[in-house]
2 protein chains.
Amino acid sequence: MSDQERTISQEELVVLQKKFSEIKHSINNALAVMMALSEMSQRRPDYSEKLASTVLTKAPQIVSSLQEFTQALNEKAGPKPEGIPTA
Amino acid sequence: MSDQERTISQEELVVLQKKFSEIKHSINNALAVMMALSEMSQRRPDYSEKLASTVLTKAPQIVSSLQEFTQALNEKAGPKPEGIPTA
C-alpha cells in the first residue's frame with residue numbers, strides 16, 4: 001500500500017505518547033539538577049566544577065534519549081522525507 | 001467513534017515527525033553550547049558565570065519545547081490515559 005494510505009492506530013500512538021512522556025521526565029530531571037547547580041555555583045564558586053562535570057555527563061544522555069525517540073517515531077512514520085527542512 | 005477506531009494518517013505523522021526534528025535540533029544546539037562552556041570553564045574558571053547563566057536561560061527553553069511537543073502529540077492521541085506510569 002502507498003504511503004498515503006498508511007495510518008497508525010490509536011494504540012500505537014499511545015505507545016509513542018508514553019515513551020515520549022518517560023523521556024521528557026528524565027530530561028526534565030536532568031535539567032533541574034543542572035539548574036540547581038547553576039544557582040549554587042553563582043553563590044559558591046566551588047560548585048562550578050560540579051556543574052561543568054554534570055553538564056558534560058548529562059547533556060549527551062539527553063541527546064541520546066531524543067535520538068531514541070526519533071527512531072521510535074521513524075519506525076512508525078517511515079524515514080523522514082528528504083527535502084523537509086529540519087531547522 | 002471509539003478511541004480504538006481512531007487512527008492518524010501518515011501525513012499527520014510526518015507533521016509530528018518534522019516538528020520533533022525541529023525541536024530536537026534546537027535542543028541539541030543549546031546542549032552543545034552548554035557543553036562547550038563546561039569544557040571552557042574547566043580550564044578557565046572565569047567562564048563559570050557564563051556557564052551558569054547560560055544553563056539558567058536555556059534549560060527552561062528546553063523544558064518548554066518538550067512540553068510543546070507533548071501538546072502536539074496529545075492533540076493527535078488524546079490526553080494521556082490516567083494510570084499509565086510516566087517515570
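Since only A:SER53, A:ALA72, A:SER38 are under comparison, the one whose Cα sits farthest along the positive direction of the charge dipole of the stretch A:11-77, derived from C-beta charges on Lys, Arg, Asp and Glu, is A:SER38.
Distances between equivalent label points of B:ALA32 across the copies, with each point positioned 7 Å along Cα→Cβ, amount to 2.9 nm, shortest listed first. With 0.36 nm allotted per residue and the present C-alpha distance subtracted, the B:GLU12-B:GLN61 stretch has 15.1 nm of extension available. Using only alpha carbons, the stretch A:11-77 has a radius of gyration to Kirkwood radius ratio (Rg to Rh) of 1.16.
Across peptide B:67-73, the mean count of Cβ atoms from other chains lying within 10 Å of each residue's own Cβ comes to 2. Positive contributions from Lys and Arg (+1) and negative ones from Asp and Glu (-1), summed over other residues with Cβ under 12 Å from the Cβ of B:LEU31, come out at +3. Candidate cross-link partners of A:LYS50 among the lysines, defined by an alpha-carbon separation under 17 Å and a same-chain spacing of 8 or more, comprise A:LYS58, B:LYS50.
All of the numbers you see were taken from the coordinates with simple rules; none came from a lab. Model, not experiment: these values are computed from the prediction. Every residue, glycine among them, receives a Cβ derived from its backbone with ideal geometry; neighbour counts consider all protein chains shown.
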